[in-house]
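Undergrad: Can you read through this structure? Questions will come right after.
The values are calculated or read from the model by the stated rules, or taken from the named source; none is laboratory data. What you see is a predicted model; the values in this text were computed from it and never measured. As a convention, Cβ positions derive from the backbone with ideal geometry for all residues, glycine included, and neighbour counts pool all protein chains shown.
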Amino acid sequence: MSDEKLQKVLARSGYGSRREMERWIGEGRFSINGEKATLGDRVTRRDAVQLDGRAIELVSEMDSPRRVMIYNKPVGEVSTRQDPEGRPTVYDHLPPLKNGRWIAIGRLDINTSGLLIFTTDGELANKMMHPSANIDREYAVRVLGNIDDDMIARLKEGVLLEDGMAKFTDVQFFDGDGANKWYHCVVMEGRNREVRRLWESQGIKVSRLKRVRYGSVFMPSDVKIGTWKELENKEVKAIAKKLELGDKKPLKMKPAEKAGFERRYKNQRIRQEVGRKRKDS
């Protein structure tokens, strides 16, 4: 374990949220090598940490399994952990973790639905969000207005927005008749409302927007709106390899933990089906 802030390591090790660990440190409940811990202290694998006088085991980042979750975000949810206005957040329906926490890879605004990726690995999250990774994002967009080849060419060549030049690297007609048509478009950045603003710069109204791909990760058809699915170890390893990240300890759950995780996954599908039947009735 490299030199890291105590509260970060404690949260990863499953003793509580980072904010809660900061409070416990302030209350004097932790010690490092026999000395009372204070906010800002850093620890390594060699340090002996105690909680309320008892030795505790810390989990290093290398020993913490690299997990990746995909979530089909509905319209109306915000991408923050807590919302001061009390709106539902994308974290409300995610399964709890025994160790660590889910980290969102990028965000979607409240009116955009579709693919959100979560991980327990901060390094993987940073790599996937960093511009140097050149990871593209694909969106399905329903637009209202007259669109011609010249407009598509302008959107691919580049448009000056209030925060600089922006463009689609690809735009393809997908479906639709009349004024409302579906297109698939690809951007290389994750700027705020970038897809909407590009279309609006041409006088086109966006009525629906859904992210369907983030790099090599696609939204599977079996992950319905408002539900999640964890990627298998081999899929996670493939993502990490593309990002040139080293291997980490594979996920191994105890039988009771695995059963609880599978039960939550099954229950969300049941709730989804019940909601669909009520809507149809």
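Undergrad: Do we find that TYR71 is part of a loop (DSSP other than H, G, I, E, B), under 26 Å from GLU262 (Cβ atoms), under 14 Å from the mean Cα position of the chain (by Cα) and not basic (Lys, Arg) in this structure?
TA: no
Undergrad: Quick one: in region 83-114, which of the residues that are touching a helix residue (DSSP H, G or I) at 6+ places or on another chain (Cβ under 6 Å) and of a type in the set (Val, Ile, Thr) is surrounded by the most Cβ atoms within 10 Å (Cβ to Cβ)?
TA: ILE105
Undergrad: From the list ARG208, ARG196, pick out the single residue that is within 15 Å of SER113 (Cβ to Cβ), part of a helix (DSSP H, G or I), outside the structural domain of GLU77 (by TED's automatic domain parsing) and in contact with a strand residue (DSSP E or B) (Cβ under 6 Å, 6 or more places away or on another chain).
TA: ARG196
Undergrad: Could you figure out which of (1) more than 22 Å from LEU115 (Cβ to Cβ); (2) of a type in the set (D, E, K, R); (3) in contact (Cβ under 8 Å) with a residue 60 or more places away in the chain isn't true of ASP148?
TA: For ASP148, the exception is condition (3).
Undergrad: If you scan region 158-171, which residues turn out to be at pLDDT 95 or above and over 24 Å from the mean Cα position of the chain (by Cα)?
TA: Answer for region 158-171, where residues must be at pLDDT 95 or above and over 24 Å from the mean Cα position of the chain (by Cα): just VAL171.
Undergrad: Looking at this structure, is ILE147 in a strand (DSSP E or B) and among the β-branched types (Val, Ile, Thr)?
TA: no
Undergrad: Identify the single condition in (1) touching a Pro at 6+ places or on another chain (Cβ under 9 Å); (2) among the basic types (Lys, Arg); (3) at pLDDT 90 or above that LYS252 does not satisfy, given that it satisfies every other one.
TA: Status for LYS252: all satisfied but (3).
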